[in-house]
Amino acid sequence: MRVHVRLPRIVRQLLFVITALSTTVLPVSAQETVKLGLVAAMSGQSAKSGEAIVRGLSVAIDEINAKGGLLGKKVELIVRDDESNPAKGAVAARELVQREKVAALFGGLDTPVSLAIVPFANQTKVPFIGVWAAGTPITRNGAAENYAFRVSAVDELVDSALVDYSIAKYQTKKPGMILINNPWGESNEKGLKAALAAKGIVHAGIEKFETNDVDVVPQLTRLKEAGADVLYLVANVAPSSQVVKSLDRMGWNVPIVSHWGPAGGRFSELAGPSAAKVHFIQTYSFSGKLSAKGEAVLTALKKKYPEIRTLADVTPAVGIANAYDAMHLTGLAIAKAGSLEGPKIRAALYVIDRYEGLIKTYTQPFTPENQDALGAKDYIFTHFVEGEIVPLAQ
C-alpha cells in the first residue's frame, strides 16, 4: 500500500525554489553544452545579413559537433535579434552572458550596435568576435585588455581600397562622399579623408543622410555642383537604395564605389535596375570557381537549407563566410584553452598558428597588436547581377 504525504504549501514552495536555483544557476563549465551567443539584425531591411551569419555559424558548428564538439560537449548557438538598435543589442549581449552563460559572443551587422557591446565584453572578459560590422574602433578600442576580435573588414582598410579602386577603375580626380549619419559613417569619413590625403586628392564634398531619408536629392545635388566624378557610398541596404533612386530621379549617371552595406539584404529589389551600377567591397563570393573548402561549405548549406537553390540564395556570402571562419577560429581557441573561461579563450586566440579557412588560410590570425584576422589583400569588388553578388574583374 502506498502512502501519499502532502507537504505543507510553504515547504512545497521552498522545494520548488531550491530545485529551480539548482538547475538554472550553473557556472559555464557545468553546462551540458558549450553555449555561444550571436547578437545580430534578424528582422527589418537587413534581416538577410543576420540570416547569413546564422547560416555560416551553424554550418561550422555542425562540422565541429560531428567531430565530437568542444571539450567533450556539443556546441549550441543562441541567437538574439538586435533590430539594428544599439540599446537592444547591449541588452541582448548582457542577457546572453549573464543568463545564458555563453562562453563567447559573435557580433552582427551594425557598427553602432557592436560599439555598444564592446565595453561590456571588455568589462566581463567575454570574447566578442565581430563577423560583419567594420567600424575601426570596434577592435581598436584602446582597452588595456581587449576582448574584441574580428573576422571581417576594417573601415580604414576598406577606405583605402575604395580610393585605390576608384582611381584604377574611374581615374577619379574629385570624388564626393555620401555617408550615413552615424558612428559607421563617421569612421569611414575619417578613413576616406586619410586615404585621399595620402594620394594627394581633394574631395568634392562630404554629405550625410539619415537611415529613414527617402530623398537625398539635395545632398547629391550639392556634390554634383561641386564637380564630384565618383561617389563613395557608406550605408546599409535601405538607405543605400534611396541614394540610387535619388540619382535616378536626378538623371545623374555617376559611378558609385561603395562599402559593403548594399550586400546586407534586398538591395537589388529595393534599388531597382540601377542597383547593378553600384560596385561594392566584399571578403568572399560563392560565384566562380571555388576551392575544395568552398564547394564543401556550399554543399553543406544546400543540404541544411533546402531553400537555397541558386547562388543568389546564398547572398550575402560575406556574412556566411566571415561567420564560418570566425566560428572555427573560436572553436580552435576554446580547444587550445581547454576551458570556457574568457581570459583563457582570449589568450588562446593569440596562439592559433594556422587554419585553412573558407576565405583564406590564416597564419597567426590574431595578435595583441592586431585583433583583425582579415587585411586589405582579402577584399574583392563585386556588384549585383539578377540578385546574385558577382565579383568584378580587377
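The values are calculated or read from the model by the stated rules, or taken from the named source; none is laboratory data. Since this is a predicted model, take the numbers as computed values, not measurements. Cβ sites come from the backbone with ideal geometry, for glycine too, and all protein chains shown count toward neighbours.
Points to keep in mind about this one:
- Screening the candidates K174, K190, K169 for the property of being outside the structural domain of G331 (by TED's automatic domain parsing), closer than 28 Å to R222 by Cα, surrounded by fewer than 19 Cβ atoms within 10 Å (Cβ to Cβ) and touching a Ser or Thr at 6+ places or on another chain (Cβ under 9 Å) yields one hit, K190.
- Single unsatisfied condition, L311 versus (1) in contact with an Asp or Glu (Cβ under 6 Å, 6 or more places away or on another chain); (2) crowded, with 22+ Cβ neighbours inside 10 Å: (2)
- Restricting the search to helices (runs of 4 or more DSSP H) fully inside the stretch 285-364 and requiring at least 2 residues that are farther than 20 Å from I53 by Cβ and β-branched (V, I, T) gives an empty result.
- Within the stretch 140-192, the residues that satisfy the criterion of being over 21 Å from the mean Cα position of the chain (by Cα) and assigned to a helix (DSSP H, G or I) are V163, D164, Y165, S166, I167, A168, K169, Y170.
- Yes/no for Y165 being over 28 Å from A92 (Cβ atoms) and among the hydroxyl-bearing types (S, T, Y): yes
- Entry remark, the stretch 157-178: residues being among the charged types (D, E, K, R) and within 21 Å of F209 (Cα to Cα) number 2 in total.
- Entry remark, the stretch 279-290: residues being surrounded by 14 or more Cβ atoms within 10 Å (Cβ to Cβ) and either out of contact with any helix residue (DSSP H, G or I) (no Cβ under 6 Å at 6 or more places or on another chain) or farther than 25 Å from L374 by Cα (or both) number 2 in total.
- Within the stretch 325-351, residues that are under 17 Å from G72 (Cα atoms) have Cβ atoms under 6 Å from residues that are at pLDDT below 95 in these pairs: L340/V28; L340/S29, counting only partners at least 6 apart in sequence or on another chain.
- The one condition in (1) without any contact (Cβ under 8 Å) to a residue 40 or more places away in the chain; (2) within 23 Å of A47 (Cβ to Cβ); (3) hydrophobic (A, V, I, L, M, F, W, C) that A238 fails to fulfil: (1)
- Test for S246: is it within 21 Å of T136 (Cβ to Cβ), in the same structural domain as Y165 (by TED's automatic domain parsing) and in a helix (DSSP H, G or I): no
- Selection of the stretch 327-356 for residues being closer than 19 Å to G37 by Cα, more than 21 Å from the chain's Cα centre (by Cα) and among the basic types (K, R) yields only K344.
- Meets criteria (of a type outside the set (D, E) and buried (at least 19 other Cβ atoms within 10 Å of the Cβ)) for V234: yes
- Residue match in the stretch 16-36 (condition: modelled with pLDDT of 95 or more, assigned to a loop (DSSP other than H, G, I, E, B) and among the basic types (K, R)): no
- Qualifying position, being over 18 Å from F280 (Cα atoms), in a loop (DSSP other than H, G, I, E, B) and modelled with pLDDT of 95 or more, among V113, V102, V118: V102
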